[in-house]
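Enquirer: Got a structure here, written out as structure tokens. Questions coming.
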Ligand code: GDP
């Protein structure tokens, strides 16, 4: 898993699967983008009390996947793979691949492969997650199979102007309460047609003439069901909900300390370059100084400095109108295109105030132009003589100035450096 993603994932294979930072990652191979889902180890021989819920997560992952890779430990033998697991894999009507891991130094390698082959899961790939051997072949096969299958179903907005919003946060911060409070608002018109996603039910609503789809995250409305799900499931749902959103409501609890889990969720929104509005919930029972709370929050989410913050209450509905009103402007900023002349003027001004400094052992930095190359999320390109000659400080300065001066509040933007003579 770690090898495939091409970057180290914080995966420790403890059984509970709760200390893991990430179970899924967007990656690509030979030009095809796909998401890897790691199901916390199949717990093939583990009989502890968590097995039941782990199996449930696996079922969910199997439902969601387009292709499934069963990884077995080649040092064990075919009999350690439980019948129930095999049945599960034989039943699913999607491509299944067997990856036999950890065979690198075994004298009995060939014998083991024959043994695992008799499991009847085809094709089979011997792999080594330590030295990466065989992973390329496995990925080639996955990519080939996926590209033959129909393109993965992503949210295709029927209406370009419908804004997708998800309410994101760790458990108990008040996401469901906020969702319900929004749905109860008088000016909300709830569409009778339910959404079409597989595991979540989206809510189409219209507020003041603007259509929104509120994406259900980890069974927001099905509490009993959700409570049975351990972290890994809600983690994956959170990730998917963020991915389908234009703007996220990041909910935190005003009366609790901000934890790593809050930061992790926030980081996910930022990493996926989505618009973000911070909701400090439960303000009805918060007795402290709001400005202090604001400082406390910005200290813990420094990368969200560009996001607006609202004090709200899912219980009383306070502050929610203002938060909802902030969604559309962020959506519009994500789609806006800045005219070239404005960018030219902007860059000239910035170069005057704070030109890039000469870095040691580098060429004299030269900046030629600033271009906008994409929207949603907004992306800019700084044309320079030599990217290595441009300090990070200058790049950050231009990036932050784009947000402030050209009004991209609430959405991450990207600024790339491009050397003049390179494509
Ligand atoms: P979720 O897990 O993030 O969906 O959180 P819930 O909406 O289920 O809320 C968790 C707990 O916090 C419940 O007991 C709610 O009644 C309570 N709660 C949620 N929002 C508020 C709020 O604004 N004020 C107060 N006082 N309690 C709230």
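The values are calculated or read from the model by the stated rules, or taken from the named source; none is laboratory data. Small disclaimer: the values here were computed from a predicted structure and weren't measured. Cβ coordinates were reconstructed from backbone atoms using ideal geometry, including for glycine residues, and neighbour counts include every protein chain displayed.
Enquirer: Filter the stretch 171-196 for residues that are modelled with pLDDT of 70 or more and out of contact with any strand residue (DSSP E or B) (no Cβ under 8 Å at 6 or more places or on another chain); which is nearest to residue 324 (Cα to Cα)?
Expert: 181
Enquirer: While we're here: Given the structure, is residue 373 within 20 Å of residue 341 (Cβ to Cβ) and within 25 Å of the chain's Cα centre (by Cα)?
Expert: Working: within 20 Å of residue 341 (Cβ to Cβ): yes; within 25 Å of the chain's Cα centre (by Cα): yes.
The answer is yes for residue 373.
Enquirer: To continue, here is another question. Would you check which residues across the stretch 119-131 are closer than 20 Å to residue 92 by Cβ, part of a loop (DSSP other than H, G, I, E, B) and touching a helix residue (DSSP H, G or I) at 6+ places or on another chain (Cβ under 9 Å) and list them?
Expert: Answer for the stretch 119-131, where residues must be closer than 20 Å to residue 92 by Cβ, part of a loop (DSSP other than H, G, I, E, B) and touching a helix residue (DSSP H, G or I) at 6+ places or on another chain (Cβ under 9 Å): 119, 120, 121, 123.
Enquirer: Let me ask something additional. Considering the stretch 205-217 alone, what residues qualify as being modelled with pLDDT under 85 and out of contact with any helix residue (DSSP H, G or I) (no Cβ under 6 Å at 6 or more places or on another chain)?
Expert: Matches in the stretch 205-217: 216 only.
Enquirer: So, one more: Tell me which strands (runs of 3 or more DSSP E) are completely within the stretch 280-396 and hold 1 or more residues being away from the ligand (no atom under 16 Å from the Cβ) and in contact (Cβ under 8 Å) with a residue 12 or more places away in the chain, or say none if there are none.
Expert: 367-374, 379-384
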